[in-house]
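Enquirer: One structure is given below, represented as structure tokens, and several questions about it will come after.
The values are calculated or read from the model by the stated rules, or taken from the named source; none is laboratory data. The model shown is predicted, which means the values in this text are computed figures rather than measured ones. Cβ: placed from backbone, ideal geometry, glycine included. Neighbour counts: every protein chain shown.
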Amino acid sequence: MLTIEIIGALALLLGLLIYAMVRAQMQRAQVNVPDQAERPANILIVDDDPDFLKITKRILDNHGYKVQTASSGASALKVMRGGSVKPDLVLLDIMMDYITDGLDVSNAMRRDPHLKDIPVIMVTSLTGVKSHELFPSDQRVAVSGWLNKPVQPRELLQAMSNALAGVPEGVPVGVPAVS
């Protein structure tokens, strides 16, 4: 016959197992990790900083996304237009080969009927009022969201989840909104 101590230990182990399973499910829901049954989202990371590409790719790989990278706007457009798999989301730096490279890529995507529906998240180290003076104030920026570097993984994954789900993001002060 089982003693009260053994029954208590078994109940505790069962409770810990249930807690771990529920917590894992809650964490997956918070960062929208694709289930094995779902097709993983294809993400294109466009940045001229090899460290940012490497770290971000590793984060996304670890969360089940299929990741491609490009180090310039021109190479990103080439990947999107010539690749066999169109990305579901683009993470795009603003300043690469030239100061508005990322903005030009975003605008080129909006004009291309095959790319116009792909959500774009701008990831930039440009912050503050002085950086906004570098860009034309009469130009609308066609993006789903903005993130400032350095980006925390949880913040990146949440922004991606929102963009993939079509949830509109707030646009930073001083940046023209998407119409």
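Enquirer: Would you check which residues across the stretch 42-69 are in contact with a helix residue (DSSP H, G or I) (Cβ under 9 Å, 6 or more places away or on another chain) and either assigned to a strand (DSSP E or B) or not assigned by TED's automatic domain parsing to the domain that holds VAL105 (or both) and list them?
Expert: ILE43, LEU44, ILE45, VAL46, LYS66, VAL67, GLN68, THR69
Enquirer: While we're here: Which residue is modelled with the highest pLDDT, if the candidates are limited to the stretch 96-155 and must be β-branched (Val, Ile, Thr) and assigned to a loop (DSSP other than H, G, I, E, B)? Steps first, answer last, please.
Expert: Start the filter on the stretch 96-155 by keeping residues that are β-branched (Val, Ile, Thr), which leaves 99-100, 105, 118, 120-121, 123-124, 127, 129, 141, 143, 151.
If we keep only those that are assigned to a loop (DSSP other than H, G, I, E, B) as well, we get 99-100, 118, 127, 141, 143, 151.
Numbers: ILE99: 84, THR100: 83, ILE118: 94, THR127: 58, VAL141: 61, VAL143: 77, VAL151: 90.
Only one residue fits best here, namely ILE118.
Enquirer: Which members of the stretch 76-128 meet the condition of being under 22 Å from LEU60 (Cβ atoms) and of a type in the set (S, T, N, Q)?
Expert: Answer for the stretch 76-128, where residues must be under 22 Å from LEU60 (Cβ atoms) and of a type in the set (S, T, N, Q): SER84, SER106, THR124, SER125.
Enquirer: Let me ask another. Which of the residues spanning the stretch 72-91 are more than 21 Å from ARG39 (Cα to Cα) and buried (at least 23 other Cβ atoms within 10 Å of the Cβ)?
Expert: GLY73, ALA76
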